[in-house]
Amino acid sequence: MRWLIRLFMIVLAAAVLVVAAVFFLPGERIAGIAADQLSRMTGRQVTMSGETTISFWPILGVSTGAVTVANADWAGETPMFQAQSLKIGVEPQALFGGDIRITGLEAVGPQINLRRASDGRVNWELNVEGVAPSGQGQSDGGGAPARSNRLSLTLDRALIENASLVYVDDVDGTTVRQSGVDFDLRWPDYDGAADFDLTLRPGGEVVEISGTLDRVGHFIDGGVSDVQAQITTKAGTASFAGRAGAAPEVAGKLTADLESTSEFMTLIGQGPMDIPEGLGRAATLKTDLTFKDDRLSLRNTALGLDANRLTGAADVDLSEDRPRLNVQLNAGALDLTGLSADDAGGGKGSGNRGATGNGGSGGAADDGWSRAPINASGLGAVNGEFALVADSIDLGDFKLGTVRTLATLDRSRLVFGLREVRAYDGLITGQFVMNNRSGLSVGGDMIATGINLKTFLDDAMDISRFEAKADGEVDFLGVGESVHAIMNSLSGGGAFKTGRGVISGFDLDRLMRSGSGTGGTTVFDTLSATFTMDEGNLFNDDLALKLPQASAAGEGRVGLGARDIDYLFTPRLLDGGSRDGLAIPVKIRGPWANPKITPDLEAAIDLNFKEEKKELERQARDEIEREVEKQLGIERQEGQSLEDAAKDALEDELERGLLKLFD
């Protein structure tokens, strides 16, 4: 806004000079004088070429040829401003003294080139006499704030049509080009209000910016004025009503109603943005905004992100290289199912079919995790702290109750402190970390108490066979640019234990007594285990299950990345309720959603009939030895092995054979 005002001040100053000399000098001479005066006032070379014409009726008007304003010496040779011609109309009273009332100002085919250098310098900072450059609040000598020289001017209307604008930002390497820009300004009283309408056409789409600045003269002099502004696009609208100063400083009510946030941000030069459902594909905003001294504050904020509604406050410090945020938000029920794997082509019901795990166990795994790339670059945009209190959060794959968390973001590392997370009838505390400093990784350590295993395992692993309350702890680390890569790289460890519960899908008692365990349920007293994780696989070798008349042990692998299982579960009946009895190992193999459960009969024989097997092997061995003795005519001595007896018999036979050679 400030550079637009300064450009118009230059043009208005030119009008004063031209009109003052209109009766005394030829047009070309007038243009030369005006250009020299403007060059002295702005510190930039101003040229006016071509024919300068004057009209006297019905209005006093001056039309110049081509006009250029040179660029800053560091910004290149392309002029900062150039136009094919300028047309200025004033009321005839200006010829007889008094204020100059400009009735019309028109720029034909202007081209504006703006640039911000890597060190923060901007080429639109003009050394207008009486105005300190941005960032300098004092004049050179007296210490009083610099002020603009007031011009006795008014402007009924200024019109710019079909302008071209190029903005180059060397700080972030971006270039913005706008063509077909229209600008309409109405400023009839220097100290009064100015109305403006600006039309941009990025990508052929219309963006309209309109508003009113209440006390223009006071604003130019460095004061604060009432202001209203609105941005209107086909993707939504945003408006501001309050007060503003050229310092800059702003205070007022900001509202927005965006049907497509990504498209709106693209149209105003800030997009596009890949926004998951629930985080603001469509958004509404109402807040009290204050900006001063590089500090932005939002109070009484009401934010709508799709179907989600949040309230809170925020502070932003822009004085550092990376903005620092302090945000506090409160929400009711949050629907964040758009963050789940389903939305990116993975998780339940979608993904990469047929994935198998390391050390697979037969049977194809169910649908895999999403391979869609995770864009975590936003973690490096700001630093700060974010506090969230929500009544519930639906993450799609997981459903949480009351959540109280404080997130800390520092140089692309985001740490969620889980102060209270109510989930699956239990409580989870600990921390969860996302780190994108040198590639994306996720990790954490958590403690859970009273978790409902049936609902949790159903959401997490599509397993609904277990019903029990569990306590547990886990620490984990995963690395990768997608959910698939992270789940296949998980490492860490943990432990869990439960109280009384039920395993549905097979009847352990029937399995032990008849060898068929399909259907029915198994009731147990306790279940406990420890585990380790490596390369996306969970390994356990000490699962212990206690039942009223039996016990069980387990060991094997659970493929967290491949979503499959290869596990040996060994229940054992108690003989008379105290001693170990019959044991029948059970193999659990296949995808999480539909594993096969079969008894391992070979292992059952080894476990339950070990002594009988040894006796049968002994009896078979004795029978074979007797047959060998009979066939070889061997007669063993007491305590002599068959091998020794055969050796003695062979030696006797050889000895008799050799003696016959000498008979």
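For this structure, a couple of remarks:
- Cβ-Cβ under 9 Å pairs, at least 6 apart or on other chains, the stretch 268-280 side closer than 25 Å to Tyr167 by Cβ and free of Cβ contacts under 8 Å to residues at least 12 places away in the same chain, far side open to solvent by 50 Å² or more (accessible area, probe 1.4 Å) and outside any loop (DSSP other than H, G, I, E, B): Gly271/Glu263; Pro272/Glu263; Pro272/Thr266
- Which numbered condition Gly359 fails, given (1) at pLDDT below 90; (2) on the phi < 0 side of the Ramachandran plot: (2)
- Residue tally, condition assigned to a strand (DSSP E or B) and exposed (fewer than 15 other Cβ atoms within 10 Å of the Cβ), over the stretch 411-428: 2
- Matching residues, the stretch 194-237, being among the hydrophobic types (A, V, I, L, M, F, W, C) and in a strand (DSSP E or B): Ala194, Phe196, Leu198, Leu200, Val207, Ile209, Leu213, Val224, Val227, Ala229, Ile231
- Set side by side, the residues Gly173, Gly217, Gly180 differ, and just one is at pLDDT below 90, open to solvent by less than 50 Å² (accessible area, probe 1.4 Å) and either in contact with a Cys (Cβ under 9 Å, 6 or more places away or on another chain) or on the phi > 0 side of the Ramachandran plot (or both), which is Gly180.
- Residue within the stretch 204-211 that is buried (at least 16 other Cβ atoms within 10 Å of the Cβ), at pLDDT 90 or above and among the hydrophobic types (A, V, I, L, M, F, W, C) present: yes
- Flag if Thr526 is among the hydroxyl-bearing types (Ser, Thr, Tyr), surrounded by fewer than 16 Cβ atoms within 10 Å (Cβ to Cβ) and at pLDDT 80 or above: yes
- Boolean, Ala247 is under 16 Å from Arg299 (Cα atoms) and surrounded by fewer than 18 Cβ atoms within 10 Å (Cβ to Cβ): no
- Checking each residue in the stretch 451-500 for being of a type in the set (Phe, Trp, Tyr) and closer than 14 Å to Gly426 by Cα picks out Phe456, Phe496.
- Pairs linking a residue in the stretch 198-222 that is touching a residue at least 60 places away in the same chain (Cβ under 8 Å) and under 23 Å from Gln178 (Cβ atoms) to a residue that is open to solvent by 60 Å² or more (accessible area, probe 1.4 Å) and part of a loop (DSSP other than H, G, I, E, B), with Cβ atoms under 7 Å and 6 or more positions apart or on different chains, are Glu205/Lys234; Val207/Ile268.
- Taking the numbered list (1) on the phi > 0 side of the Ramachandran plot; (2) modelled with pLDDT of 85 or more in turn, Gly120 passes all entries but (2).
- All positions within the stretch 389-407 that are touching a residue at least 24 places away in the same chain (Cβ under 8 Å), open to solvent by 40 Å² or more (accessible area, probe 1.4 Å) and assigned to a strand (DSSP E or B): Val389, Asp391, Asp394, Lys399
- Scanning the stretch 238-255 for residues that are in contact (Cβ under 8 Å) with a residue 24 or more places away in the chain, touching a Gly at 6+ places or on another chain (Cβ under 7 Å) and assigned to a strand (DSSP E or B) gives Phe240, Gly242, Gly245, Val250, Ala251, Gly252, Lys253.
- When Ser438 is tested against (1) surrounded by fewer than 18 Cβ atoms within 10 Å (Cβ to Cβ); (2) touching a strand residue (DSSP E or B) at 6+ places or on another chain (Cβ under 9 Å); (3) hydroxyl-bearing (Ser, Thr, Tyr), exactly one condition is not met: (2).
- Residue that is modelled with the highest pLDDT [pool: residues in the stretch 253-311 that are under 20 Å from the mean Cα position of the chain (by Cα) and of a type in the set (Lys, Arg)]: Arg309
- Residue list for the stretch 52-101, filter: acidic (Asp, Glu) and modelled with pLDDT of 75 or more: Asp73, Glu77
The values are calculated or read from the model by the stated rules, or taken from the named source; none is laboratory data. As the structure is a prediction and not an experimental result, all values here were calculated from the model. Here Cβ is always computed from backbone atoms with ideal geometry, including for glycine, and neighbour counts include all displayed protein chains. Ligands, DNA and RNA are excluded from the accessible area calculation, which covers all protein heavy atoms including side chains. Shrake-Rupley method; radii C 1.70, N 1.55, O 1.52, S 1.80 Å.
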